[in-house]
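Report on the following structure.
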Amino acid sequence: MTRLKILLWIVALSQLVLGALTLIAPGAFFAWMGLTVPPVDNQYMLGMLAARFIAYGIGMAVLARAERPDPFWVRNMVLVQAIDFTVGLYFAATGVIGIETAAFPMVNAAIFGVLLWLWTPRQPANPSAKTA
């Protein structure tokens, strides 16, 4: 198994855990993270966010099982990680959340994003395929 595939499995697991916690126990998860527990009616939106975490987790697992993971989808997760890091940096820098709350997710996003970027092959899975 390549280092990229191992990383894809780790990212898949992290996304699935985030999705499960956001879907099944959003209030407890937010409290555990040191965030304000959202009102019950906001948990509707959190359920939709959880769907995306779960879908990305499944997608990363599919990529990890692929003979050659598609670079577009791996880089798409790099974008997710870059946005996650930037949002954490913004909210920590503006004092909305403490660095102790943002540090772990930001470090994960930085590590996942950089390694996914560096370890992704630059050629598409089918180099002869034409792009639109």
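The values are calculated or read from the model by the stated rules, or taken from the named source; none is laboratory data. None of these values were measured; they are calculated from a predicted model. Cβ sites come from the backbone with ideal geometry, for glycine too, and all protein chains shown count toward neighbours.
Which of (1) in a helix (DSSP H, G or I); (2) closer than 30 Å to Gln123 by Cα; (3) among the hydrophobic types (A, V, I, L, M, F, W, C) is the odd one out, the single condition Met1 does not satisfy?
For Met1, the failing item is (1).
Would you call Val114 surrounded by fewer than 14 Cβ atoms within 10 Å (Cβ to Cβ), modelled with pLDDT of 95 or more and not small (Gly, Ala, Ser)?
When the stated conditions are applied, Val114 does not pass them.
Please determine whether any residue of region 16-35 is in contact (Cβ under 8 Å) with a residue 12 or more places away in the chain, assigned to a loop (DSSP other than H, G, I, E, B) and over 24 Å from Gly113 (Cβ atoms).
no
Exactly one condition in (1) surrounded by 18 or more Cβ atoms within 10 Å (Cβ to Cβ); (2) closer than 27 Å to Trp117 by Cα is not met by Thr2; state its number.
It is condition (1) that Thr2 fails.
Checking the structure you have, find out if any residue of region 120-131 is in a helix (DSSP H, G or I) and exposed (fewer than 13 other Cβ atoms within 10 Å of the Cβ).
Scanning region 120-131 turns up no residue that is in a helix (DSSP H, G or I) and exposed (fewer than 13 other Cβ atoms within 10 Å of the Cβ).
Scanning for something surrounded by 15 or more Cβ atoms within 10 Å (Cβ to Cβ) and within 19 Å of Thr2 (Cα to Cα), does region 96-110 turn up at least one residue?
Within region 96-110 (the criterion being surrounded by 15 or more Cβ atoms within 10 Å (Cβ to Cβ) and within 19 Å of Thr2 (Cα to Cα)), the answer is no, since none of the residues qualifies.
Filter region 62-81 for residues that are surrounded by 17 or more Cβ atoms within 10 Å (Cβ to Cβ) and farther than 13 Å from Thr120 by Cα and give the result.
Scanning region 62-81 gives Val80, Gln81.
Looking at region 78-93, is at least one residue assigned to a loop (DSSP other than H, G, I, E, B), free of Cβ contacts under 8 Å to residues at least 12 places away in the same chain and out of contact with any Lys or Arg (no Cβ under 8 Å at 6 or more places or on another chain)?
Looking for residues that are assigned to a loop (DSSP other than H, G, I, E, B), free of Cβ contacts under 8 Å to residues at least 12 places away in the same chain and out of contact with any Lys or Arg (no Cβ under 8 Å at 6 or more places or on another chain), one finds none in region 78-93, hence no.
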